[in-house]
Structure formats: structure tokens, C-alpha cells
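Below is one structure, written out as C-alpha cells; comments come after it.
The values are calculated or read from the model by the stated rules, or taken from the named source; none is laboratory data. This one's a predicted model, so the numbers in the text were calculated from it and none came from an experiment. Note that we place each Cβ from the backbone using ideal geometry, even for glycine, and neighbour counts take in every protein chain shown.
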Amino acid sequence: MKKAAILGSTGSIGTQALEVVEKHGIQVTALAAHSNVSLLAEQAKHFHPEIVCIFDEEKAQALSELLKGEGIEIVTGMEGLCELAELPENDIVLNSVVGMVGLLPTLKAIEAGKDIALANKETLVAGGSLVMEAARKQGVRIFPVDSEHSAVFQCLQGNSMNRIRKMILTASGGPFFGKKKADLVHVKAADALHHPNWEMGSKITIDSATLMNKGLEFIEAKWLFDLDPSQIEIVVHRQSVLHSAVEFEDYAVIGQMGVPDMKIPIQYALLYPERKPCPTRPLSLTDYGTLTFEKPDLETFDCLRAALDAISEGGLCPAVVNGANEEAVYAFLRDEIGFLDIGRLVRETMEHVKGGEVHCYDDVLQADHAARAYVRERIGAGL
Ligand code: NDP
Ligand code: MG
């Protein structure tokens, strides 16, 4: 029986992963959340992991009361999260925490020789070179969970000897597709949290509205599939049915389709290489009738352009962009800044916070901290 640790088990990906785990009898070794003690306790009682991590230390007491008598060890903070990632029993670690905080646990799991099912895209954006180099050294496999990257991974099966000419990275376009900047001035969190095709955590939903999500995925794809940025084409595909595609040397294009349900890529990552019935529904192409494909609007969606510029610049620039974006997105969710300020702040941070080369984890952490501090300072000064 396969054994998996699930970091971020109370989130959108985490809860869907537990459905998959339950259906296929995968054993849960560990569960982690940030602060949602009630759901974490409920999951722990149901799945009986040997250890759980509640990142927020102040919640540990409440969790230990909820888990009294269960014989489950409780740990906290980054140290706790890393301990879960490294458990000798793990066959695979699903990293579905949100944000750059996921980088160190990913690196620790790789060092411990554990395969990774990776949803936490910020990990690859901020520290892609470190993660891929460590995985190569340790012979660890990284199974993408992000639907676009899972699609490409699926298209590549049986094609290891063939060079990818181009990756077609599909984008839904988000809730503000077709809008111009003038239409977005007064957008509030509640408007941006309405995604047309996917139900996800709040951070990625805002990233989808600004199209930063596609920028992060562009960088994620570069690292996962060892592509030059010139080999990745972003195509807006409103229906989210074609999850991405690969063009080979002979111009044959192989794509992966399915209903927009994250349980399909989550399951493929956890059960690879097996395909088994998934707790979702089948795709009916005739229900859709028409599939559409368009170019992205880089004039309106500054965040996407910033991410593309960041990966061209390289080094720590993507970590700076990611850190600035995380800070700005949460400020927008708290109604401290406007929607268009997110892109503005990301661009300004890129210009003010120096990047440099990536040598180690601390370089990435420092770039992340500097970017966040800059954004906080600008917000504190009233922008
Ligand atoms: P959610 O906000 O729904 O969930 C985040 C999860 O991470 C929660 O369990 C949260 O705990 C936990 N968490 C956050 N910070 C920490 C921390 N410091 N230590 C331990 N746990 C932590 O996010 P999503 O599930 O939507 O997204 C997770 C990741 O997957 C993101 O990187 C996202 O970009 C990526 N992704 C998500 C997709 C989706 O459909 N949702 C699709 C593709 C990628 P708590 O509940 O206590 O806050
Ligand atoms: Mg995606």
C-alpha cells in the first residue's frame, strides 16, 4: 500500500486529494495545515496519520485537545512541516500548501529521497533551479499536480526520446477575460473570487483573475520540462477542457482533455503510472460544442507580463516577483489595495529589489523577504 504525507490537507487541493486517497486505499502518514484545527482534527481522526503539523503554534493546544487519546503526534511551525516531509515511511509527499512557504519542505522531502506530487507552484517559481537540481541528484520524481503541467506530463508518456518543440499552455482567461484596465479599477475581492471554471483557494483564484497564475505556471513549466521560455505559448481557452498540449518535432500536437476537475491530475500524480476510476465525471465534448482559442491580453494583465519578464531576467527575479505578488494578493484580499495595484506593485518591486544569482535556499528566502518588505512599505506609505 502506497504511503503519502499531505501538506496543506485542509485546502482545496488537500481535501480533493483525501477523496482520491480514500478511494484508492493510499495510507496517510501525515497531515499538515496552517491554522484550521477543526478540519485538521476531523481528517486526522478519519485517516489516522502518525503525525500532524499545525503551522500556527498558537493553535497547537486546541488541536491537542481535539485529538486527545488518538495517539497522534502533533508538531508545529516550519520545523514540523519539514519533519512531515522527511518521514521515512513516506513513499510520496503531496505538497499542496499555498505560497513560497512550501519551498523548504519540498527541498527536505527531496533530500530524504521522497517522490513529490507538486501542487505548490510557488515552490518552482521561487526556487526552480534548486528544486530541479536537488531532484536530479537524488533521483526523485516530481509529479505535477497543476492541471496544465499534469497534462503535459501525461502527453509525454512514451515520448521520452522525443524533443518537445513547443508547449501550449492553456489559460481560462479568468473572470475578467475581455476586460480592459478601465473596467478593472473598482474590482473588489468578491468579484475576483468568482472563477468561471474552477473552485480553488483564495490566493490562486486572485492569481487567476490577474493572470499571474499563468505567469507562475509558465515559470513552473520551464523548470519541470526543461524548456526555454521561447518554447512555451500561452493560449486562452475559455472552457478549460484542453488542459495543455505538446507539439513535437513533426508538428504533431498531443493534448490532454477532461472536465475541469483537479481530482484527475491529483490522482494521476498519486497513482502514477496507473489509471483507475476517478471520483469525477466523464467529459462530454458535445455538451461543450465549441472550444475556443485566443491570444492573452498582456496590456491589461500586467502580472502576466511581469512574470514573463522575470523568467527572461532569470536568477532571483522570479522569487522577487512571487514574493511581491503573494504580499500584494493578501493585501487586496484584505481590501487594503485595489485590483490593479497588484500588478503595479509587482512591477515596481521588480525594479527596486535587486535579484542576483540563486546559489542556495537562503538566497531565495532573502529575495522573498526583501520583495515582501518593499510591498508592505509601499502599502504603508499609501502607495
Ligand atoms: P487553499 O488556500 O485552499 O489551501 C492551502 C492549504 O495550505 C490549506 O490546507 C492551508 O491550511 C495550508 N497551508 C497554508 N500555509 C501553510 C503553512 N505555512 N503550513 C502548513 N500548511 C499551510 O489553496 P489551494 O488548495 O487552492 O492551493 C494549494 C496550492 O496548489 C497552491 O500553490 C496553488 O497555486 C496550487 N494549485 C491549486 C489548484 C486548485 O485547484 N486549488 C490548482 C493548481 C494548483 P489552512 O486551511 O489551515 O489555512
Ligand atoms: Mg493550473
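For the stretch 73-103, the tally of residues that are under 15 Å from residue 31 (Cβ atoms) and either among the basic types (Lys, Arg) or in a loop (DSSP other than H, G, I, E, B) (or both) stands at 5. May I ask you to list the residues in the stretch 326-369 that are small (Gly, Ala, Ser), surrounded by 20 or more Cβ atoms within 10 Å (Cβ to Cβ) and over 21 Å from the mean Cα position of the chain (by Cα)? Listed by number, the list holds a single entry, 355. Restrict the check to the stretch 23-43 and report whether at least one residue is over 21 Å from residue 262 (Cα atoms), among the charged types (D, E, K, R) and part of a helix (DSSP H, G or I). Yes, the conditions are met somewhere in the stretch 23-43.
Looking only at residues in the stretch 203-238 that are buried (at least 17 other Cβ atoms within 10 Å of the Cβ) and small (Gly, Ala, Ser), the one that is nearest to residue 162 (Cα to Cα) is 221. Of all the listed residues (123, 106), the sole one being crowded, with 16+ Cβ neighbours inside 10 Å and either more than 16 Å from ligand 2 (Cβ to nearest atom) or outside any helix (DSSP H, G or I) (or both) is 106. When residue 10 is tested against the conditions (1) over 15 Å from residue 117 (Cβ atoms); (2) part of a helix (DSSP H, G or I); (3) in contact with a Leu (Cβ under 6 Å, 6 or more places away or on another chain), the lone failure is (2).
I'd like to know if the stretch 343-359 contains one or more residues that are of a type in the set (Asp, Glu), modelled with pLDDT of 95 or more and part of a loop (DSSP other than H, G, I, E, B). Within the stretch 343-359, one or more residues are of a type in the set (Asp, Glu), modelled with pLDDT of 95 or more and part of a loop (DSSP other than H, G, I, E, B). Within the stretch 202-254, the set of residues being of a type outside the set (Lys, Arg), more than 14 Å from ligand 2 (Cβ to nearest atom) and assigned to a loop (DSSP other than H, G, I, E, B) comprises 226, 227, 228, 239, 249, 250, 251, 252. Of all the criteria given as (1) surrounded by fewer than 21 Cβ atoms within 10 Å (Cβ to Cβ); (2) over 11 Å from residue 216 (Cα atoms), the one not satisfied by residue 308 is (2).
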